[in-house]
Amino acid sequence: MRTRRCGILLALLLLAGCSGSSSGSEGATNTTTAKSSTTCAWNVRADRETMNIAYPDTAATYWTTSYALAPDEHLELAGQFPDARYASFVTYGPIGGPIDSLTDDEIEPDAGATNPFRPSDGDGTTDATGDSYTVQVRSDQQPTDETNQIGAVPPDDFEAPATTEPTEGEEPATRMRLGSGGDDAVEGTVIYRVYLPRDDADPTGGAGLPAVTIVKGDERTAVPTCEEPGASQAAIDIVNSYDRKFDEPPSTPIFIRPTPNQVNLYPNPDNVYVATLLAHEPGRIAVIRGRAPTFPDTRAGDPITGDEQVRFWSMCTNEARQPYPVTACASDDEVALDADGWYTFVIATAEDRPEETTATEGATIIDWGSTDVAVVLLLRNMVANPSFHEATDAVEPGALTGSMGDYSPTGAYCDVETFEQGGYQACGL
């Protein structure tokens with residue numbers, strides 16, 4: 001039995017891709033290789049450089065495989081635990097509504113292996129070289145607590161994202177799907193996410209991508225891993241059809257938690273966001289102040305103990321327009337903190353970047369990005385500890401962030417010169 005986490009999120013991902021390779025299951029009977037040379041697993045990859053849509057975090061890489069599974073088929077995903085801060089699998093309906101999820105610490109390792117995301121399983125580090133797992137995407141199950149199974153059948157209360165109809169005469173882009181298909185097929189997408197690998201050069205965290213096998217009774221068909229992942233026009237089309245309306249930016253940056261109808265396009269159930277909108281004026285910056293939650297600094301070699309307040313947090317600037325690209329993020333381990341554990345973010349264009357002074361020392365600067373549209377400024381908390389009552393998930397959907405106490409981000413606009421001379425205090429924070 002695994003614990004099911006629920007989160008309603010703002011950053012909507014339809015992402016994913018393919019790099020690295022994984023071998024199929026050894027010793028499997030009746031195993032064949034998919035005949036079509038164009039059929040491969042994890043064919044779509046998303047990140048800021050490859051496919052920048054739906055507000056990805058720059059610390060993460062997303063890989064996607066779509067499927068059309070007959071009722072007696074399922075996908076088997078056999079992989080190794082990554083040396084990274086976080087990983088997960090999430091299934092979605094055909095246009096992005098979340099169905100089921102499996103987070104790294106919920107995955108049971110294969111016999112003789114350990115799960116490095118569980119402190120009790122090993123040495124408490126995420127260096128899991130050789131530790132393997134096997135999970136299933138089930139076409140015959142709704143969201144399930146069965147060990148290492150992810151349901152692909154939408155729950156009874158499933159609500160698909162609100163999207164617009166394609167332009168008349170416009171042909172929708174096709175996508176590669178694994179499985180036999182047919183009238184009774186269960187269609188959807190599974191997204192594999194990896195955050196903050198220890199080695200930035202390998203976004204899979206040294207583990208490669210999970211090997212994918214289509215299982216139908218006693219028949220097993222190994223699907224090769226795609227050699228060259230890339231963008232998906234079908235994914236871009238879905239994101240561009242998402243009927244998202246933005247309000248005018250408030251006169252002062254105030255953070256709220258988005259409501260459910262704003263956040264159901266490819267969300268990650270382990271993330272909960274609070275957000276504000278920023279409007280640009282020349283010579284003006286946005287300053288954000290708050291207390292930072294504790295986290296496991298895995299890139300510095302710290303273990304995941306389970307006592308941290310969150311697994312991961314970040315602040316990101318994004319554009320308030322389709323296809324909802326990210327501009328820049330500051331991950332938790334990149335954020336400067338004062339002696340009391342408080343951060344000061346400065347959101348600024350290159351032209352308005354403050355000079356380094358005694359007053360500005362200790363500020364973390366994030367690129368404003370385009371000044372043609374409003375900025376969506378997102379604060380993420382991922383896998384919040386249930387004992388941490390001031391996390392973003394403590395905020396009711398649609399509400400301001402006062403329930404977060406000192407951890408609530410508080411913002412103000414400020415002239416560059418004022419900040420350079422007096423720091424955040426001179427900006428009224």
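Scan segment 222-260 residue by residue and report those that are of a type in the set (Val, Ile, Thr) and either buried (at least 22 other Cβ atoms within 10 Å of the Cβ) or under 17 Å from TRP63 (Cα atoms) (or both).
Matches in segment 222-260: VAL223, THR225, ILE236, ILE238, VAL239.
If you take the residues of segment 291-320 that are touching a Gly at 6+ places or on another chain (Cβ under 9 Å) and not in a loop (DSSP other than H, G, I, E, B), which of them is nearest to PRO409 (Cα to Cα)?
ARG291
Looking at (1) surrounded by fewer than 22 Cβ atoms within 10 Å (Cβ to Cβ); (2) among the aliphatic types (A, V, I, L, M); (3) under 17 Å from the mean Cα position of the chain (by Cα), find the lone condition where ALA70 falls short.
Tallying (1) surrounded by fewer than 22 Cβ atoms within 10 Å (Cβ to Cβ); (2) among the aliphatic types (A, V, I, L, M); (3) under 17 Å from the mean Cα position of the chain (by Cα), ALA70 fails exactly one: (3).
When residues of segment 299-317 are filtered for being in contact with a Pro (Cβ under 9 Å, 6 or more places away or on another chain) and of a type in the set (Ser, Thr, Tyr), how many remain?
1
Residues that are over 25 Å from GLY283 (Cα atoms) and either modelled with pLDDT of 95 or more or touching a Pro at 6+ places or on another chain (Cβ under 6 Å) (or both): does segment 363-380 have at least one?
So far as segment 363-380 goes, yes, one or more of its residues are over 25 Å from GLY283 (Cα atoms) and either modelled with pLDDT of 95 or more or touching a Pro at 6+ places or on another chain (Cβ under 6 Å) (or both).
Can you tell me which of (1) of a type in the set (A, V, I, L, M, F, W, C); (2) part of a strand (DSSP E or B); (3) more than 17 Å from the chain's Cα centre (by Cα) is the one LEU102 doesn't meet?
(3)
So which residues in segment 284-323 are acidic (Asp, Glu) and either within 30 Å of ASN240 (Cβ to Cβ) or buried (at least 18 other Cβ atoms within 10 Å of the Cβ) (or both), if there are any at all?
Of segment 284-323, the ones acidic (Asp, Glu) are 297, 302, 307-308, 319.
Correct list: GLU308, GLU319.
Being part of a loop (DSSP other than H, G, I, E, B), touching a Phe, Trp or Tyr at 6+ places or on another chain (Cβ under 9 Å) and farther than 29 Å from THR134 by Cα is the filter here; which residues of segment 202-252 pass it?
Within segment 202-252, ARG244, SER251, THR252 qualify.
Might you let me know whether segment 318-330 holds any residue that is within 28 Å of ALA84 (Cβ to Cβ) and among the basic types (Lys, Arg)? Walk me through how you get there before you give the answer.
Restricting attention to segment 318-330, the residues satisfying the condition of being within 28 Å of ALA84 (Cβ to Cβ) are 318-319, 323-330.
With the extra rule that they be among the basic types (Lys, Arg), the set shrinks to none.
Taking every residue of segment 318-330 in turn, none turns out to be within 28 Å of ALA84 (Cβ to Cβ) and among the basic types (Lys, Arg).
Looking at segment 324-377, what strands (runs of 3 or more DSSP E) fall wholly within it and have at least 3 residues that are farther than 23 Å from ASP247 by Cβ and in contact (Cβ under 8 Å) with a residue 40 or more places away in the chain? Full working, then the answer.
Values: elements: 326-331, 342-348, 364-367.
Ranges flagged: 342-348.
Could you give every pair whose Cβ atoms fall below 7 Å, whose first residue belongs to segment 87-113 and is more than 16 Å from ASP157 (Cβ to Cβ) and in contact (Cβ under 8 Å) with a residue 12 or more places away in the chain, and whose second residue is in a helix (DSSP H, G or I) and of a type outside the set (A, V, I, L, M, F, W, C), counting only separations of at least 6 or pairs across chains?
Matching pairs, first to second residue: ALA87/ASP104; SER88/ASP104.
From ALA359, ALA330, ALA399, which residue is assigned by TED's automatic domain parsing to the domain that holds GLY290, within 25 Å of ALA59 (Cβ to Cβ) and out of contact with any His (no Cβ under 7 Å at 6 or more places or on another chain)?
On the way: ALA359 fails: within 25 Å of ALA59 (Cβ to Cβ); ALA399 fails: within 25 Å of ALA59 (Cβ to Cβ).
Of the residues listed, the single one that is assigned by TED's automatic domain parsing to the domain that holds GLY290, within 25 Å of ALA59 (Cβ to Cβ) and out of contact with any His (no Cβ under 7 Å at 6 or more places or on another chain) is ALA330.
Might you check whether a residue that is at pLDDT below 95, farther than 24 Å from VAL383 by Cβ and not in a strand (DSSP E or B) occurs anywhere in segment 54-64?
no
Go through LYS216, LYS245 for me and flag whichever is outside the structural domain of GLY411 (by TED's automatic domain parsing), at pLDDT 90 or above and not hydrophobic (A, V, I, L, M, F, W, C).
Among LYS216, LYS245, only LYS216 is outside the structural domain of GLY411 (by TED's automatic domain parsing), at pLDDT 90 or above and not hydrophobic (A, V, I, L, M, F, W, C).
What is the residue count in segment 181-201 for residues that are part of a loop (DSSP other than H, G, I, E, B) and touching a residue at least 60 places away in the same chain (Cβ under 8 Å)? It would help to see each step written out before you state the result.
From segment 181-201, those part of a loop (DSSP other than H, G, I, E, B) are 181-185, 198-201; that's our starting set.
Still in the running and touching a residue at least 60 places away in the same chain (Cβ under 8 Å): 181-182, 184-185, 198-199.
Going through segment 181-201 one residue at a time, the tally reaches 6.
Would you confirm whether any residue within segment 306-319 is at pLDDT below 95 and either aromatic (Phe, Trp, Tyr) or in contact with a Lys or Arg (Cβ under 9 Å, 6 or more places away or on another chain) (or both)?
Yes - at least one qualifying residue is present in segment 306-319.
The values are calculated or read from the model by the stated rules, or taken from the named source; none is laboratory data. All figures in this text were calculated on a predicted structure; none of them were measured in a lab. Note that we place each Cβ from the backbone using ideal geometry, even for glycine, and neighbour counts take in every protein chain shown.
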